[in-house]
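The values are calculated or read from the model by the stated rules, or taken from the named source; none is laboratory data. Because the structure is a prediction, the values reported are computed rather than measured. Cβ sites come from the backbone with ideal geometry, for glycine too, and all protein chains shown count toward neighbours. Keep in mind that these areas ignore ligands, DNA and RNA; they rest on the heavy atoms of the full protein, side chains included. Shrake-Rupley method; radii C 1.70, N 1.55, O 1.52, S 1.80 Å.
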Amino acid sequence: MSDFFLSNELYDYNSLKYFSDEIFGDIYTNDTFFQGEWGTLFVTETKYYGFEPVEDEQYIMAVLGGPVLNFSTNEPKGSNHLTSLILDQWKSGQIKWGEDLSGPFVLVVVNKHTHEHFVYTDLMSFIPVYRCGGVNKQNYSSHVDLIALASGEREWLDYVSIADFVLNGIVTYPYTVYSNVFQVPPASEVKARNDKIITTNYWSPEEEKKNYEKKPAIQELDQALNNYVLNVLSRGGKVAQFISGGEDSRLLSSVLRNYNRDAYIFLDQMNREGNLAKKAAQNNNAKFNYYIRSTTHYLDIMENSSRLASTSAQYIHAHTYGFHTKCKLEGYESVWGGLCADALLKGSHITLIKGGGRPYIPQIKSKKENGVKTNLFSEQIINEINRRRESHLNQIRSLRPNSSEEWFELWPSSMNKNMANLAVNRRLFPSYEPFLANGVVKVSAKTPQSLKLNRRFFHSFSKPYLSTTKFLFHSDGRLPYLPWYINIPISLLVRMKNSMFKKLGIIRGVQGPWNDKSVLIQTEDFKEQLNKYSLDILEKEYNEVHNIFIELLNNNKLKEEQHFNLLQSLYLISFITGLKKEGET
C-alpha cells in the first residue's frame, strides 16, 4: 500500500474513498477496504510489487514502502508474496524490527479476533504515521490531511504549527497543523485496543560511547549499501536512477554500473550540471536522458504535489512530479536516488561558521542556537514555536549531547524538510533510496561529527566508487575523488573562472539543477495565486487564519522558500476546508 487509514470504529467506504480521491487524484486506481467488529482499514494501492495487503483467518497485514527483507529472499512470487513473508515472520514472534526490515516502511497489523491494532514505524520514520484519538477512539494514517478529514478534525487548526511550517518548512515533532493530530514516534511499535495504547521504542540514535574505529565503520557502511541494492535488484524488472552533476548520484551509478538502466535528470536547459551528469552516466554504463523543465514548473505542480506532500512537508521538493508520467517511472521495478547521503554521512545539518558551506572554505562547526527570531508573527506564536523546538531539542540532547543540533533536524525524518522528496516519490513510483538503509542509518548515528565534516568519512568510503569518474568535476567545482584540502584551491580557481565567464557572457542562464525560484516569486501568476487562496479562506470565515497571513502576502522580509511555504499553506487550508464533510452530498 502507499497510504492507509486505520480505525477501531466503523467508517463508510464511500466517505474514505472521496477524501482519498480528492487528495491523491488519479495516482491510485485501486484501493482495498477491510471492515469488521475490530474496526476499519482503508488501503490505497502500492507502487512496490509484492507488497499488496494480506488477510488470513485471524490477521490482516498491510505494508507501506518496499522494505528489504533481511530474513528472506526478496524475489516476489505474487502481488502480496513479500507481505506474506513478513506476516509469517511476525506471527513467529522472531521478527527484529531494527534488523529484519531495511529502508522506509510502515507495517499495519489487525488481529480480527482480539480487535488489537499494531502499527510499526521504521528507524527514522522515513514514512511518518499520524494518530488522532479520543475516548474509545483511535485513528491512524500515513497522510496527515487524510486522517484529519476522516476524523472530522479539519476545523481544529493549530495556528502555531501553520506558522512553524511557513517559517521553517517543517512542523516541529510531534505536532501537526491540526490540534488533535500527532505524529507517532519513530522506531516504534504501537499496540492499540480501544482506548488502551502501548508504545514501545525498539531503537534510538544514541551517540556511540565506546571507542570509534573508522575502518570497520566504512566496511559496515559498504556492506549495508551493497546488500540493500542487491536485495532490491533481485526483484528483477527495469531499473532507473536519477543522475546529477554531484557525487552522490555518480557513486550510486558506480554501484549500479553492471545493471542496464536509464538515468534521468530534469533541467531548465542543457547546462553545466547536465553535461557533467551525462559524462557520469556514460562512465558508469547508464543511458542518459534529460528533460527540460518549464520556468513555471514549481508553480504548475503546486496544487497536485502539495496534496501529496501534505500540510507537513514542502511541495517544492517534489522535483519529479509531472516528469513521472513523461518518463513512465511507474513502469520500472526500481527507481534509485541518493537522498540523505549529505544528511547522514556528510553532516549537512551541522550548523557551520559563516561561509562554511562553500567548497573552498573548510567546514567548522558553529555554536549557533536553534531558536526562531522573527517579527513575521506575533510574539505569542514565536514563543510557542520556540518552546516546542526546545522541547524536541531536549529530547535529542538526552540521546546525543554532542550532536543534538544536527539530529534535531534528522530524527524523526519529518524534521528534515528534504524528506518531502520521498513523501511524493513513493506515491508515484517504486522509489528506492539506498542511503536510507538501516545499516547506513546506524553507521551515521555512531560516526562523530568531526569525521562527517569536510567529507572525511564519506570520501574514504566513496573513493573506490568514484574511480570511474576520477577526473570529472562536481558541479560546485570540486573533484570528488580528491580529499577536501586539495579541493580548496581547485574549487576556488573554478569558481573564479566561472564568475569571469559569466560576466563576459560566455556562461548564460542557470547552470545548476534547480531553476531560479526568486524570479518565479515575482511573477503576477504567483502573486495572484497567493491572493486567490487568501480570499478563499476569508470567504469560508476562517478569519483567524486569514489575519495571521494577511501581512505576509506582500512582505519583502520573507525568504525565498518561505514564499512557497506560504503559498502551499494557503492553498491546502483552502482545499481541505472546501471539501464535503462526511455525510454531505
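Annotations for the structure displayed:
- Antiparallel bridges, percent of DSSP beta bridges restricted to the chain (to nearest 5): 80
- Between ILE490 and PHE288, the C-beta separation translates, for a Förster distance of 25 Å, into a calculated FRET efficiency of about 0.45.
- Estimated FRET transfer efficiency when R0 is 25 angstrom, pair ARG193-SER398 (beta carbons, to 0.05): 0.25
- Estimated from helical segments only, the mean residue ellipticity of the chain at 222 nm is -11500 deg cm²/dmol, where each DSSP H run of four or more residues counts as -39500 (n - 2.57).
- For the range 501-558, GluC sites (Glu not before Pro) meeting the loop criterion (DSSP other than H, G, I, E, B) and having at most 14 other Cβ atoms within 10 Å: GLU541, GLU551.
- Per residue, the chain exposes an accessible area of 41 Å² to a 1.4 Å probe, with every protein chain left in place.
- In the range 318-474, the portion of solvent-accessible area held by carbon and sulfur atoms comes to 50 percent [1.4 Å probe, whole percent, DNA, RNA and ligands not counted].
- Overall form of the range 120-196 per C-alpha gyration tensor (a/c, 1.5; a/b vs b/c): oblate
- In terms of distances greater than 26 angstrom between alpha carbons, the cross-link table entries LYS17/LYS540; LYS17/LYS559; LYS77/LYS287; LYS279/LYS328; LYS196/LYS417; LYS326/LYS517 yield LYS17/LYS559; LYS77/LYS287; LYS196/LYS417.
- Alpha-carbon centroid distance for the pair the range 257-330 / the range 199-253, whole angstrom: 22
- Full extension of the segment from LYS210 to GLU539, taken as 0.36 nm per residue of separation minus the current Cα-Cα distance, would add 112.4 nm.
- Among the chymotrypsin sites (Phe, Trp or Tyr not before Pro) found in the range 23-76, not one is both in a DSSP coil and sparsely packed, with 10 or fewer other Cβ atoms within 10 Å of its Cβ.
- Those trypsin sites (Lys or Arg not before Pro) in the range 270-364 that DSSP places in a loop and that have at most 15 other beta carbons within 10 Å: LYS328, LYS354
- Using a Förster distance of 41 Å, the FRET efficiency for GLU37-HIS81 (Cβ separation, nearest 0.05): 0.90
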